[in-house]
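The values are calculated or read from the model by the stated rules, or taken from the named source; none is laboratory data. Not measured: the values here are computed from a predicted model. Note: ideal-geometry Cβ built from the backbone for every residue, glycine included; neighbour counts use all protein chains shown.
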Amino acid sequence: MDLLGAPFGDGLLLDLHVPDGPGPWPVVVWTRGSGWQEDDARRGADVVARHLGLHGFAVAGVDVSPSHRGVFPRQLDDMAAAMRHLREHATRYGIDATRVASMGDSSGGWAACLAGLALPPGERTDAVVALYPPTDLLAMDSQMLPGLVGVSTPGHDDPGSCESRLLGGTLPEVPDAARAASPITYAAAGAPPVLLVHGTRDESVPYAQSTTFADALGAVGADVRLVTLPGVGHGPWADVLDGSVGADGAAGDATGGATMWRPGADVPGRPVAFGWGVVVEFLSEHLGVAVRGPDRSAG
């Protein structure tokens with residue numbers, strides 16, 4: 001079943017893709033990244049559903065307000081509204097409201113992290129998959145690759161940066177808001193399992209945003225896994241998950257040299273053949289779905 005453009009929250013829309021057959025199905029809430037600039041965060045949910053639906057997951061692509069429609073915490077409120085809507089209509093939609101994960105890339109991954117960590121207990125998602133998410137806004141400029149800030153990209157502290165527009169002021173001007181909007185602030189006991197994926201040559205969101213976040217989650221006992229993609233930049237997310245983007249964003253193999261790190265288990269990290277299969281395995285483990293074999297869904 002496909003339900004497209006269903007309204008929820010304050011003028012937002014969601015697209016729901018539910019597998020055929022008897023449910024209820026666990027649901028993955030997808031949000032696409034755009035630097036908080038675009039109003040169609042649900043876009044791409046059909047692609048995610050093609051890969052996850054075969055393994056018994058419904059996928060809900062949900063919109064999140066861009067910064068020009070409202071500064072933070074409006075985006076967190078949007079995620080809360082999406083969770084409430086899905087849980088209130090779970091029977092109608094054929095989904096299992098007790099098994100919900102959040103997933104996204106870049107600012108969408110940021111929203112996915114906040115949905116799992118910052119919402120009140122009972123509203124949070126049960127697992128998080130985040131591709132190259134910003135997690136500590138105040139640290140972004142200091143973690144950028146050498147030579148990038150002010151040369152090939154504006155600094156995150158710049159008045160015109162995506163982060164400044166999100167918060168309604170520069171990061172140095174509104175540090176409390178920046179901390180409140182940073183997923184790392186909410187790393188605490190009881191955090192859900194988190195799968196992070198990040199390339200070491202990310203020119204937009206520093207790779208260290210994921211390493212420090214993983215360290216913080218591991219320190220409080222969370223089940224966190226960090227997949228490192230050597231030489232890979234900032235997306236595109238579908239190519240990263242397909243393994244079709246290589247070093248510096250060129251066509252190639254994103255899985256070459258990939259490692260997965262878990263605190264206390266893998267130092268510095270074990271080799272992993274990264275792709276949709278890793279995501280499916282993680283979600284299946286934490287949402288109670290039997291893995292149905294290798295992912296051979298369409299790209």
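Some notes on this structure:
- Within the range 258-281, the residues that satisfy the criterion of being assigned to a loop (DSSP other than H, G, I, E, B), at pLDDT 90 or above and of a type in the set (A, V, I, L, M) are Ala258, Val272, Ala273.
- Inter-residue pairs, beta-carbon under 6 Å, first free of Cβ contacts under 8 Å to residues at least 12 places away in the same chain and on the phi > 0 side of the Ramachandran plot and in the range 42-59, second outside any strand (DSSP E or B) and among the aliphatic types (A, V, I, L, M), 6+ apart: none
- Flag if Gly221 is modelled with pLDDT of 95 or more, surrounded by fewer than 20 Cβ atoms within 10 Å (Cβ to Cβ) and assigned to a loop (DSSP other than H, G, I, E, B): yes
- Looking at Arg74, Arg87, Arg32, just one residue is crowded, with 23+ Cβ neighbours inside 10 Å and charged (D, E, K, R), and that residue is Arg32.
- Meets criteria (closer than 17 Å to Leu196 by Cα, of a type outside the set (Asp, Glu) and surrounded by 18 or more Cβ atoms within 10 Å (Cβ to Cβ)) for Met79: no
- Looking across the range 164-184 at every residue that is assigned to a helix (DSSP H, G or I) and free of Cβ contacts under 8 Å to residues at least 12 places away in the same chain, the one that is nearest to Val220 (Cα to Cα) is identified as Asp176.
- Test: residue in the range 201-208 that is part of a helix (DSSP H, G or I), at pLDDT below 95 and in contact with a His (Cβ under 6 Å, 6 or more places away or on another chain): no
- Count - residues of the range 95-145 that are in a helix (DSSP H, G or I), aliphatic (A, V, I, L, M) and either within 13 Å of the chain's Cα centre (by Cα) or crowded, with 24+ Cβ neighbours inside 10 Å (or both): 7
- Selection of the range 1-54 for residues being part of a helix (DSSP H, G or I) and of a type outside the set (Asp, Glu) yields Ala45, Val47, Val48, Ala49, Arg50, His51, Leu52, Gly53, Leu54.
- Set Asp78, Asp40, Asp105: member being modelled with pLDDT under 95 and not polar (S, T, N, Q): Asp40
- Just one of the listed residues (Arg69, Arg87, Arg92, Arg32) is over 12 Å from the mean Cα position of the chain (by Cα) and touching a residue at least 24 places away in the same chain (Cβ under 8 Å), and it is Arg69.
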